[in-house]
1. Classify the chain as rounded, prolate or oblate from the Cα gyration tensor: take a ≥ b ≥ c as the square roots of its eigenvalues, call it rounded if a/c is under 1.5, otherwise prolate when a/b beats b/c and oblate if not.
2. When only Cα pairs under 8 Å and 6 or more residues apart are kept, what is the percent relative contact order across the chain?
3. Is there a quick way to get the dipole size of the chain? I mean about its Cα centre, with the Cβ of Lys and Arg at +1 and of Asp and Glu at -1; what is the value in debye to the nearest 20?
4. For the chain, what is the calculated [θ] at 222 nm in deg cm²/dmol (nearest 500), taking -39500 (n - 2.57) for each run of four or more DSSP H residues and dividing by its residue count?
5. Order these peptides, 65-75, 40-50, by their mean beta-carbon neighbour count within 10 angstrom, highest first.
6. Please give the helix 44-63 orientation as an angle from the longest Cα principal axis of the chain, in degrees from 0 to 90, rounded to the nearest 10.
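FYI, it's all coordinate maths here, none of it is from the lab. Just so you know, these numbers come straight off a predicted model, no measurement behind them. Quick reminder, even Gly has a Cβ in these numbers, built from the backbone with ideal geometry, and neighbours come from all protein chains shown.
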Amino acid sequence: MRRVCAQQETKDQLDRWLVEGYWYLADFVPNWTSHSNFPRPEPPEYYEAALERLLDIQSWFVTGRSPYMDTHVWPDL
């Protein structure tokens, strides 16, 4: 998703199917992973960081601007 954000950053218009996909994932994933039966083998901080990243990427995609400086290094999750 980050790679697509970087590729789309300079576009004035986005393809609807891409926007719908990002919107869907940013809405679906938090709801799905908050379900009581969702398996959580990782520590809670992992899921919190992953959801934060998903929202940051959605913001970047929709606005065309990364919420981070160009020098930001995305940590592995």
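1. oblate
2. Numbers: 35 pairs, mean separation 33.1, N = 77.
Rounded, it is 43 percent for the chain.
3. Values: 7 positive and 12 negative charges, 33 e Å.
Taking the Cα centre of the chain as origin, the dipole is about 160 debye.
4. Numbers: 3 runs with 45 residues, N = 77.
Calculated from helices alone, the mean residue ellipticity at 222 nm is -19000 deg cm²/dmol.
5. Working: 65-75: 9.0, 40-50: 10.7.
Highest to lowest by the protection proxy: 40-50, 65-75.
6. Tilt of helix 44-63: around 20 degrees.
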